[in-house]
């Protein structure tokens, strides 16, 4: 799972310096985990997201943001607690949740928010 920088966020997802209203720039939904190396709940979420990243690799972008390195991005999005998970659908407003979610909750969110009903692994 790749790290996401503030610059990449502005180029690929939403440039909050240029727009006041949400305008998604991507072509695939995103799940973005805001966390840190020292965060115990983040260490629970990261392997789940790595699995999902492989299972949904052609359908969803899954990235992580190190809040210790990306202060401006975290502040701009109002991240106060970690892990914070930002779900970014293509044609809807993004949704944020905080805390370590089980894999089942991520799959439910993918199905509901992103309207993706099956993983790449299930289609084989």
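The values are calculated or read from the model by the stated rules, or taken from the named source; none is laboratory data. Note that the structure is a prediction, hence the values are computed from the model and not measured. Here the Cβ positions follow ideal geometry from the backbone for every residue, glycine too, while neighbour counts run over all protein chains shown.
The residue list 64, 97, 123 contains one member that is out of contact with any helix residue (DSSP H, G or I) (no Cβ under 6 Å at 6 or more places or on another chain) and modelled with pLDDT under 95, which is 123.
The residues in segment 72-113 that are surrounded by fewer than 13 Cβ atoms within 10 Å (Cβ to Cβ) and part of a strand (DSSP E or B) can be counted, and the count is 0. Among the residues here, residue 19 does not qualify as in contact (Cβ under 8 Å) with a residue 60 or more places away in the chain, more than 13 Å from the chain's Cα centre (by Cα) and either over 17 Å from residue 79 (Cβ atoms) or not in a loop (DSSP other than H, G, I, E, B) (or both).
From 84, 40, grab the single residue that is over 13 Å from the mean Cα position of the chain (by Cα) and farther than 22 Å from residue 117 by Cα.
The unique qualifying residue is 40.
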